[in-house]
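Asks: Before we start, here is the structure in question, set down as structure tokens.
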Amino acid sequence: MRAGELIGRPVRDATGRDLGAIREIRAEAVPRADGLPELVLRGVIVGRTRVRLFGYQRHDQRGPVPLVALIRWLHRHSRYVAWEDLDVSGREVRVRRPFGELAPLDQP
Amino acid sequence: MSKKFLAVTLGILTAVGGFVDIGDLVESGVVGARYGMAMVWVTVLGVLGICVYADMSGRIVAVSGRPVFDLIRERLGPRMALVNLAGSFLITLLTVCAEIGGVAIVIELASGVDRLVWVLPIGVLIWLVVWRVGFERMETGFGLGGLAIGVFAVAVFFLHPDWSSLGAQVAGLAPPPDQALPTYAYHAVALFASAMTPYEVFFFSSGGVEEGWTVKDLSVQRANVLLGFPLGGLLAIAVMACSAIVLFPAGVDVSQVSQIVLPVTLALGTAGLVIVLIGIFAATFGAALETGLSSGYMLAQYFGWDWGKRRAPRKAARFHLTVGVGLLVAVLVVQTGLDPVGLTEISLIFSAVALPLTYLPVLIVANDREYLGKHANGHFSNIVGVGMLVVIAIAALVAIPLMIFTGAGQ
Amino acid sequence: MNPWTDLGRIDLGDALLDRQIIGEDGTVVGKVDDLELRAEGGTYVVDALLVGPEALADRLGGPIGRLLHHIGRGFRAQAPQRIPLNAIRRIEPTVVVTTAVAHATDSPSEDWLRRRVIGRIPGAGRASR
């Protein structure tokens, strides 16, 4: 499977509510037994807005203030979904929790 | 000493292509003849905007080595970047047509031989410069040559204008009572958009890579910006002033290049005419090179190809193919006899899309400490940057309705 | 040498996708047009970077993607090139890979153009001066 097949795919929660689409994939670098790292997918960010995060979820992408505020506001309904809660088998991605239980984005 | 002076010629050439290429030359003349000096504020606003964003682009290039279009795909994603690419590419190609047409007009004015004869030779000559002449030699020759347009500024003094009345027009900001407001607004938007056309930052930042700028060159890049673009703006204002002094009172409506050089001939005679024609030739040819190369830069930087004059052509085959085909298409278009300068008016439509999608990523990356570390934007750059982005957004929104409503400024 | 572990968490769209790839010696390779994922342990793992117009066209999708497929085939583009993760030395601000991998990654369209068109024009072998 390719990353391009995940990003942009429509998402629904456990109750059938439209959560938008997968906008970003969160991964973690995990060192393996032989010392080489592996990039493991940990979860995805889903949201209704097509406007990107532009890197504002990173600590070193700061300012200008009005733009950060705008991006935060646009992503106020975006949520992080851990991989365990995802079912990517169908055309539509299904989240095994309701929207209310999902974590909002901590940074932008 | 002379090496340091020549180090700013990239900024000068970029500015010449941005402020006194054939489209801007004619537009400045039109605006000066119609509104006197009332639009100087638009040029000043444009200079401020391009200075701030060219500085950001130059800093990004010097610190990280990445030119602007590279960043556009990275920040906006491949889809939106492709929309920008389409718009910017069309603007740039239309401008190449206009410049080739402009060079042909200048040679016709100088020689009396019909302009259509010169189109193909000019196209071939431009391609030869792209193929063989080194980047620094090119920017020095055509950048400094384009400065001969400064003869317009000299002519202003020799025309003995009524300075207080000129000053009143500048401060007045508003159009004269007999001119329609929507048409005034259209010309203001067109003038502003042409001061900030995306190919200026594409060319400037790619030029920084061609010259091998590093962190040590931060002061050089800033000198390029602070010297080049205000100079370009002053040249444009000088052209506007000559029209304002000679053609505005006479109520002449400008439509040709020959009318724009008339004030210089009046003030300085044949010597002035010779210098101004050399200046327009150099500026227009230089702008043709700037836009021709930019078409290759933007396509190569979107797809990730190797590019640039510093590479042997066989190592940057797709880049050279793009530039070559672009020049060929432009030559064909101009050879049909279409008014090439009129074509640049149409490019305003694409500016509505290309300007916001170009400058937003630049502003974002200029704030990214992963890219710039301690050289990221300070408060001044951010305040002016956000302000200009708002102006750009407004201009983008009203450009197409104004163009339709006023019939492109009739 | 480990470019990742001090980064911990990374967002693929932000840190990897659409970034420029260059070799340690400065060789231009291309853009990260897509990422190949491999199923492992209930989740997925990034297996390789994908470079090439075919990969980009698949990602763009729709009529534009199809147009890009046609243009790519016209210039002799083939299946996307794979760059395995262990070839990566650094990922910010651009993705830097080992020189060997950089040179090994082909660009069929560039090679074809060089042989058929650009390489045949006199002066193609020297940069402008």
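Asks: Counting pairs on different chains as well as pairs 8 or more places apart, how many Lys pairs in the protein assembly as shown have Cα atoms under 19 Å apart?
Replies: Final tally of qualifying lysine pairs is 4.
Asks: Work through the residues other than B:Y35 whose Cβ is under 14 Å from its Cβ and net out their charges, Lys, Arg +1 and Asp, Glu -1.
Replies: For residues surrounding B:Y35, the net value is -2.
Asks: How big is the B-A contact in terms of buried accessible area, both chains counted, 1.4 Å probe, rounded to the nearest 100 Å²?
Replies: Summed over both sides, the interface buries about 1100 Å².
Asks: Let me ask you something else. Not counting ligands, DNA or RNA, and with a 1.4 Å probe, what is B:V333's accessible surface area in Å² rounded to the nearest 10?
Replies: Using a 1.4 Å probe on the heavy atoms, I get roughly 40 Å².
Asks: Over segment C:41-129, consider all pairs of different Cα atoms and compute the Kirkwood hydrodynamic radius from their mean reciprocal separation; express it in Å, one decimal.
Replies: Value: 15.5 Å, from the Cα pair sum.
Asks: Let me ask something else about it. Under a 1.4 Å probe, what is the accessible area of segment B:113-256 per residue, stated in Å²?
Replies: Value for segment B:113-256: 41 Å² per residue.
Asks: Any idea what the dipole of the protein assembly as shown comes to, in debye rounded to 20, about its Cα centre with Lys/Arg Cβ at +1 and Asp/Glu Cβ at -1? Let's see the in-between values first.
Replies: Values: 58 positive and 55 negative charges, 232 e Å.
Rounded to the nearest 20 debye, it is 1120 debye.
Asks: Suppose a student asked you for the relative contact order of chain C, using Cα pairs under 8 Å spaced at least 6 residues apart; what percent would you report?
Replies: Answer for chain C is 25 percent.
Asks: Related question: In units of 2.2 N^0.38 Å, what is the alpha-carbon radius of gyration of chain B?
Replies: Numbers: Rg = 19.9 Å, N = 410, 2.2 N^0.38 = 21.6 Å.
Dividing the Cα radius of gyration by 2.2 N^0.38 Å gives 0.92.
Asks: Using a 1.4 Å probe, how large is the accessible area of B:F89, given in Å² and rounded to the nearest 10?
Replies: 50 Å²
Asks: Is the shape of segment B:174-287 rounded, prolate or oblate, going by the alpha carbon gyration tensor and its root eigenvalues a ≥ b ≥ c, with a/c under 1.5 for rounded and a/b larger than b/c for prolate?
Replies: On the way: a/c = 2.74, a/b = 1.58, b/c = 1.74.
Oblate, because a/c is 1.5 or more while a/b does not exceed b/c.
Asks: Next up: Rounded to whole Å and sorted largest first, what semi-axes of the equivalent ellipsoid does the C-alpha gyration tensor of segment A:1-97 yield via the square root of 5 times each eigenvalue?
Replies: They are 24, 22, 10 Å, listed from largest to smallest.
Asks: Whole percent per 5 Å bin, from 0 to the bin with the longest distance: what is P(r) over all C-alpha pairs of segment B:41-149?
Replies: 2, 9, 10, 14, 22, 18, 13, 8, 3, 1, 0
Asks: When the accessible area of segment A:1-63 is computed with all protein chains present and a 1.4 Å probe, what percentage of it is carbon and sulfur?
Replies: The nonpolar share, carbon plus sulfur, comes to 48 percent.
Asks: Below 8 Å between Cα atoms, with a sequence gap of 6+, how large is the relative contact order for segment B:290-371 in percent?
Replies: Values: 37 pairs, mean separation 16.8, N = 82.
Relative contact order for segment B:290-371 comes out at 21 percent.
Asks: Here is a further query. In whole percent, and with a 1.4 Å probe on the protein chains, what portion of the accessible area of chain C is carbon and sulfur?
Replies: Carbon and sulfur: 53 percent of the exposed surface of chain C.
Asks: Find the relative contact order for chain B and round it to a whole percent, using C-alpha pairs within less than 8 Å whose residues are 6+ positions apart.
Replies: The normalised contact order for chain B reaches 39 percent.
Asks: Continuing with this model, one more query. Carbon and sulfur together cover what percent of the accessible area of segment B:347-410 at a 1.4 Å probe radius?
Replies: 77 percent
Asks: At a 1.4 Å probe radius, which order do A:R91, A:R42 fall into by accessible area, largest first? Intermediate results must be reported in sequence, preceding the final value.
Replies: Working: A:R91 180, A:R42 90 Å².
Sorted descending by solvent-accessible area, the residues read A:R91, A:R42.
Asks: Taking a probe of 1.4 Å and counting only protein heavy atoms, give the total accessible area buried between chains B and C in Å², rounded to the nearest 100. Walk me through the intermediate numbers first.
Replies: Details: alone 16010 and 8550 Å², together 21450 Å².
Protein heavy atoms only, the B-C interface buries about 3100 Å².
Asks: What accessible area per residue comes out for chain A, rounded to a whole number of Å², with a 1.4 Å probe?
Replies: Computed with neighbouring chains in place, this is 50 Å² per residue.
Asks: Of C:L68, B:V119, B:L262, which is farthest along the charge dipole of the protein assembly as shown in the positive direction, counting Lys and Arg as +1 and Asp and Glu as -1 at C-beta?
Replies: Of the listed residues, the answer is C:L68.
Asks: Summing both sides, how much accessible area is buried between C and A? Use a 1.4 Å probe and give Å² to the nearest 100.
Replies: When C and A are taken together, about 2500 Å² of accessible area is lost.
Asks: A follow-up question, please. Can you give me the pair-distance distribution of segment B:336-410, C-alpha pairs, 5 Å bins, whole percents?
Replies: Pairs per bin, as whole percents: 3, 14, 18, 16, 14, 11, 9, 7, 5, 2, 0.
Asks: From the square roots a ≥ b ≥ c of the eigenvalues of the alpha-carbon gyration tensor of segment B:143-216, which class results: rounded (a/c under 1.5), prolate (a/b over b/c), or oblate? Write down the numbers at each step before the final one.
Replies: On the way: a/c = 3.30, a/b = 1.61, b/c = 2.05.
Because a/c hits 1.5 or more and a/b fails to exceed b/c, segment B:143-216 counts as oblate.
Asks: Moving on. Over 35 Å apart: what share of the alpha carbon pairs of the protein assembly as shown falls there, rounded to a whole percent?
Replies: Values: 89799 of 208981 pairs.
In whole percent, the long-distance tail amounts to 43.
Asks: Give the shape of segment B:287-376 as rounded, prolate or oblate, defined through the alpha-carbon gyration tensor: a ≥ b ≥ c are the square roots of its eigenvalues, a/c under 1.5 means rounded, and otherwise the shape is prolate if a/b is larger than b/c and oblate if not.
Replies: Cα axes put segment B:287-376 in the oblate bin.
Asks: List for segment B:61-87: residues with 20 Å² or greater reduction in accessible area, all protein chains versus chain alone, probe 1.4 Å?
Replies: B:R66, B:D70, B:R73, B:E74, B:R75, B:L76, B:P78, B:R79, B:L82
The values are calculated or read from the model by the stated rules, or taken from the named source; none is laboratory data. Bear in mind that the values here come from a model prediction, so they are computed numbers and not experimental data. We place every Cβ from the backbone using ideal geometry, glycine too, and count neighbours over all the protein chains shown. We work out accessible area using only protein heavy atoms, side chains counted, and drop any ligands, DNA or RNA first. Shrake-Rupley method; radii C 1.70, N 1.55, O 1.52, S 1.80 Å.
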